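All remarks here apply to the structure that follows.
All of the numbers you see were taken from the coordinates with simple rules; none came from a lab. Small disclaimer: the values here were computed from a predicted structure and weren't measured. In this analysis, Cβ positions are derived from the backbone assuming ideal geometry, glycine residues included, and neighbour counts consider all displayed protein chains.
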Amino acid sequence: MTRHYLEEYGRHLSRIATTLFEAMVKNLNLGPKQSESSLDESTGFIRVYRYPSGSLADETWGMMEHTDSSVLSIVNQDQVGGLEFLKDNEWLLVNPISGTLVVNIGDMLQAISDDQYMSVKHRVRTNKLAERFSICYFVFPAKGSVICSSKYKPFTYTDFQQQVQHDTKTLGYKVGLQRFKLNAAV
Ligand SMILES: O=C(O)CCC(=O)C(=O)O
Ligand SMILES: [Fe+2]
């Protein structure tokens, strides 16, 4: 039963993500090489989260601050709330609005767009009284497709992911796009 719903959910979210992506790319006037990189619906995955409530909520984050590595991420959160994003060094709450999806720009879209769209830092605060559920959809570039831009060295999503895994293992955190910046100091 659940599988059936998740499959259908995935189909709808793929359609929404592709429509949004195409509209955003069209708006950017990218060169032919850049517009070759695209999202691949077959990479889309869905995560269902349950963030427990309780006293621990005082001390722990449901999810620590991060940017998503995806092209786009689409969050369907319940009414409990707790998703926050960083804007001008200030953490702002994404107010839950029933029937509304939250769209996050991921690192891949930031690179594809030459930093015109920035991947947003976000985190999840747990709630002391209520558990929170969210269903998150993430979509990535086609396997092997090279992301070319004027700000970053050409790289594939696999290169990116390997670098993230390496940094997480050796440094304990994700460095992210900075690693691929042209003339980067890192
Ligand atoms: O649960 C949420 O609202 C966000 C989860 C998230 O940021 C992620 O999985 O990358
Ligand atoms: Fe995220």
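Tabulated values for the structure
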quantity	calculated
Complete set of residues in segment 69-107 that are surrounded by 20 or more Cβ atoms within 10 Å (Cβ to Cβ) and acidic (Asp, Glu)	Asp107
From Gln110, Gln116, residue being of a type outside the set (Lys, Arg) and either surrounded by fewer than 17 Cβ atoms within 10 Å (Cβ to Cβ) or over 14 Å from the mean Cα position of the chain (by Cα) (or both)	Gln116
Odd one out for Val75 among (1) within 20 Å of Asp40 (Cα to Cα); (2) of a type in the set (A, V, I, L, M); (3) away from ligand 2 (no atom under 11 Å from the Cβ)	(3)
Within segment 145-162, tally of residues that are surrounded by fewer than 18 Cβ atoms within 10 Å (Cβ to Cβ) and either at positive phi or not small (Gly, Ala, Ser) (or both)	9
Residues satisfying the stated conditions in segment 81-120, i.e. within 13 Å of ligand 2 (Cβ to nearest atom), of a type outside the set (A, V, I, L, M) and under 26 Å from Ala142 (Cβ atoms)	Asn104, Gly106, Asp107, Ser119
Residue match in segment 57-68 (condition: more than 21 Å from Ile16 (Cα to Cα), touching a residue at least 40 places away in the same chain (Cβ under 8 Å), buried (at least 18 other Cβ atoms within 10 Å of the Cβ) and of a type in the set (Val, Ile, Thr))	no
Residues of segment 121-144 classified as surrounded by fewer than 18 Cβ atoms within 10 Å (Cβ to Cβ) and more than 16 Å from ligand 2 (Cβ to nearest atom), total	8
Subset of segment 120-137 [under 14 Å from His66 (Cα atoms) and under 12 Å from the mean Cα position of the chain (by Cα)]	Val120, Lys121, His122, Arg123
Segment 150-185, subset touching a residue at least 24 places away in the same chain (Cβ under 8 Å), out of contact with any Ser or Thr (no Cβ under 7 Å at 6 or more places or on another chain) and part of a helix (DSSP H, G or I), residue farthest from Asp68 (Cα to Cα)	Phe180
